[in-house]
Amino acid sequence: MIKAPPTPKGFRDIKPELAKRRRETINKIVGVLEDSGFEPIETPTIEFAETLEGKYGEEERLIYKFTDRGGRKLALRYDLTVPLARYVATYNPPLPFRRYQIGQVFRGENPQKGRFREFTQLDFDSVGSSGAEEDALIVAVTINCMKALGFKETTMLLNDRVNFSDLPIEVVRAIDKISKIGEEGVAQELVASGMIEASAQETITKIRSQKPTQNLEQIFNFLQEKYSLKMDVDFKFDSTLARGLDYYTGSIFELKLDNSPTSLSVGGGGRYDKLIGMFAKKDFPAVGFSFGLDRLLEILSSLD
């Protein structure tokens, strides 16, 4: 019997049953997005490497880069947000521009359960408004998408990157791991990076004691008054939520299956008011969210 060649590590075939489930899930989410005024776009799987470089911090090492026959340095897209920024700078669409996109992204990380080197993201973003109402819209639409999928207890954690403005980015990246490795693990990482132990503990304590910024309070008010969402049920403040990507500038979100910060994350996002300006030479306020579709499907399958 001839044995077929394997797929590369971290890449996989999608069988009919899963492909159908993916399509059903996408259709339910897209229905909510289009009812909320978002419209679809598509961008190339391959970008010039320089388009992606300098946007992801330490995670830039995970970008798949290569040189084509013409000597051009290219890369597989790492996410759908940076291509959106390039798209807006290229076409200057009427604002506010609310778009969604579904596509494959590629990251050269260590494959493990629920993590692949090629996976599908489903993003939706609003470009052109700096108001807290737009952040609230993204959060409310995300929660409505989960309800359309049958989830009843999901919780959006929120914080503001302004709360970390006096900290080096390396410290912010370490704090972002607190729900995974705990305070002791974060303290050890900070000490390993050169911080003395007392300062590491003091930094963690300070972050734990942070309060919602005025911007977050405005978002919370919109979520409660306009969208009838409940504080500490549908959404809650988490002073340790940091989000590791460098391009976030304001509110940041992470969606959990319940209201515990340690529960499984099914997506995240936030405000990135400077990213589009890297291409457009002027700032465009923007905020968005990204579902990890593969992880979401794993969760749905486990509930059957």
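A few points about this structure:
- Restricting the stretch 285-304 to residues that are of a type in the set (D, E, K, R) and within 23 Å of ARG117 (Cβ to Cβ), the residue that is surrounded by the fewest Cβ atoms within 10 Å (Cβ to Cβ) is GLU298.
- Long-range neighbours under 8 Å by Cβ, at least six apart or interchain, first residue within 13 Å of PRO111 (Cβ to Cβ) within the stretch 1-19, second acidic (Asp, Glu) and surrounded by fewer than 10 Cβ atoms within 10 Å (Cβ to Cβ): THR7/ASP13
- Test: GLY250 is in contact with a helix residue (DSSP H, G or I) (Cβ under 8 Å, 6 or more places away or on another chain), buried (at least 20 other Cβ atoms within 10 Å of the Cβ) and closer than 16 Å to THR142 by Cα: no
- Single match in PHE124, PHE97 (criterion: closer than 22 Å to LEU264 by Cα, crowded, with 21+ Cβ neighbours inside 10 Å and at pLDDT 95 or above): PHE124
- Taking the stretch 260-284 as the range and being more than 19 Å from LYS177 (Cα to Cα) and either surrounded by fewer than 22 Cβ atoms within 10 Å (Cβ to Cβ) or without any contact (Cβ under 8 Å) to a residue 24 or more places away in the chain (or both) as the test, the residues that pass are ASP273, LYS274, GLY277, MET278, PHE279, ALA280, LYS281, LYS282, ASP283.
- Residue within the stretch 16-37 that is within 26 Å of GLY270 (Cβ to Cβ), among the aliphatic types (A, V, I, L, M) and in contact with a Cys (Cβ under 6 Å, 6 or more places away or on another chain) present: yes
- Scan of the stretch 114-149 for residues that are assigned to a loop (DSSP other than H, G, I, E, B) and touching a residue at least 24 places away in the same chain (Cβ under 8 Å), ordered by number: GLY114, PHE116, ARG117, GLY128, SER129, SER130, LEU149
- Sub-6 Å Cβ pairs linking a first residue in the stretch 68-95 that is more than 25 Å from GLU109 (Cβ to Cβ) to a second residue that is outside any loop (DSSP other than H, G, I, E, B) and not hydroxyl-bearing (Ser, Thr, Tyr), at least 6 apart or interchain, are VAL88/VAL127; ALA89/PHE279; ALA89/ALA280, ordered by first then second residue.
- Residue in the stretch 157-179 that is free of Cβ contacts under 8 Å to residues at least 60 places away in the same chain and closer than 30 Å to PHE38 by Cα present: no
- Scan of the stretch 9-25 for residues that are surrounded by 10 or more Cβ atoms within 10 Å (Cβ to Cβ) and farther than 16 Å from ARG295 by Cα, ordered by number: LYS9
- Residues in the stretch 196-206 that are crowded, with 19+ Cβ neighbours inside 10 Å and either hydroxyl-bearing (Ser, Thr, Tyr) or modelled with pLDDT of 85 or more (or both): ILE204 alone.
- Qualifying residue in the stretch 288-300 (condition: more than 16 Å from the chain's Cα centre (by Cα) and not hydrophobic (A, V, I, L, M, F, W, C)): yes
The values are calculated or read from the model by the stated rules, or taken from the named source; none is laboratory data. Fair warning: this is a prediction, and the values are worked out from it, not measured in the lab. Don't worry about glycine lacking a Cβ; one is built from the backbone with ideal geometry, like all the others, and counts go over all protein chains shown.
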